[in-house]
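Engineer: Mind having a look at this structure? Questions to follow.
The values are calculated or read from the model by the stated rules, or taken from the named source; none is laboratory data. Please read all numbers here as calculations on a predicted model, not as lab measurements. Heads up, the Cβs are rebuilt from the backbone with ideal geometry, glycines too, and the neighbour counts pull from every protein chain shown.
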Amino acid sequence: MVRSFLIVLTMLYLGLFSVTWSPAQPKSDKTAWKALFDGKSLKGWKATDFGGQGDVAVEKGAILMEQGNDMTGVTYAGGDFPKMDYEVSLEAKRVRGSDFFGTTTFPVGDSFCSLVVGGWGGTVVGLSSIDGADASDNETNTLKNFELEKWYRLRIRVTKERIAAWIDDKQVVDLSTKNRKIGIRPECDLCKPFGIATWRTIGAVRDLKVRSMPAEEVKAKTGTK
């Protein structure tokens, strides 16, 4: 009787031990946020050769873009940026100047678009271009005052039927792309596939990251199949 009890106890212990010490199997989550900037160097990025651009350097964990004549920016040099069903997030600030400081160019399938942040004298936010119309002239146009030296969180979501964007917690763009022509201004062509630029303004960006959206999330947020 005692022997049987000890055998059972030993088996239970071995069973618990194997469960406790079984090595965890790593899982690859393709939909997790991926950092695009290491906060220390321009690895994976290149200064955009607009002509007349200011210097680009990494300072205090951010990419600093000095004032150019006219544009200064950085372009992602990796070949793995998604084209559809993704979100990108970054923080941007205007250090000095009075025009756009975090204008972000991004893929929309085989096309590209730009979220203008603080353009046309400093306050215009919107997409350039929609059906050939700039952010100052299409329905995505909104106005926002931006403070110097203040970080703003930008988030852009691209799905098959919509482009959405937020500044901090406020949604500033919600555009159906069905039967719309999506494009960019010629000045932003060198920002493709993904890049950030300033216009005669000193700007900085940090905490750049991207994630692919799972199919069920895309369906829940956009109603697509």
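Engineer: Pairs under 9 Å by beta carbon, first residue under 20 Å from Arg96 (Cα atoms) and touching a residue at least 40 places away in the same chain (Cβ under 8 Å) in segment 201-216, partner assigned to a loop (DSSP other than H, G, I, E, B) and of a type in the set (S, T, N, Q), six or more apart or different chains?
Structural biologist: Thr201/Gln67; Thr201/Ser98; Ile202/Gln67; Gly203/Gln67
Engineer: Kindly establish whether Asp85 is closer than 21 Å to Arg180 by Cβ and out of contact with any strand residue (DSSP E or B) (no Cβ under 8 Å at 6 or more places or on another chain).
Structural biologist: Judged against the criteria, Asp85 is not a match.
Engineer: Which strands (runs of 3 or more DSSP E) sit wholly inside segment 159-225 and have at least 3 residues that are of a type in the set (A, V, I, L, M)?
Structural biologist: 162-167, 170-176, 202-212
Engineer: Follow-up. When segment 59-83 is examined, which residues are found to be within 18 Å of Pro193 (Cβ to Cβ), surrounded by fewer than 21 Cβ atoms within 10 Å (Cβ to Cβ) and modelled with pLDDT of 95 or more?
Structural biologist: Within segment 59-83, Thr75, Ala77, Phe81, Pro82, Lys83 qualify.
Engineer: So Trp151 fits all but one of (1) under 16 Å from the mean Cα position of the chain (by Cα); (2) buried (at least 21 other Cβ atoms within 10 Å of the Cβ); what number is the exception?
Structural biologist: Against the list (1) under 16 Å from the mean Cα position of the chain (by Cα); (2) buried (at least 21 other Cβ atoms within 10 Å of the Cβ), Trp151 comes up short only on (2).
Engineer: Of everything in segment 138-162 that's among the acidic types (Asp, Glu) and more than 22 Å from Thr201 (Cα to Cα), which residue is modelled with the highest pLDDT?
Structural biologist: Per the criteria, the residue is Glu139.
Engineer: Residues being surrounded by fewer than 19 Cβ atoms within 10 Å (Cβ to Cβ) and under 27 Å from Glu59 (Cβ atoms): count how many of those fall in segment 167-210.
Structural biologist: 9
Engineer: Which pairs do you get when a residue that is on the phi > 0 side of the Ramachandran plot, found in segment 65-93, comes within reach of a residue that is among the charged types (D, E, K, R), reach meaning Cβ atoms under 8 angstrom, with the pair 6+ apart or on two chains?
Structural biologist: Pairs that qualify, where the first residue is on the phi > 0 side of the Ramachandran plot and the partner is among the charged types (D, E, K, R), are Asp85/Lys160.
Engineer: Next question, about the same structure. Check whether at least one residue in segment 133-151 is farther than 30 Å from Lys43 by Cα and free of Cβ contacts under 8 Å to residues at least 12 places away in the same chain, and report yes or no.
Structural biologist: Yes, some residue in segment 133-151 is farther than 30 Å from Lys43 by Cα and free of Cβ contacts under 8 Å to residues at least 12 places away in the same chain.
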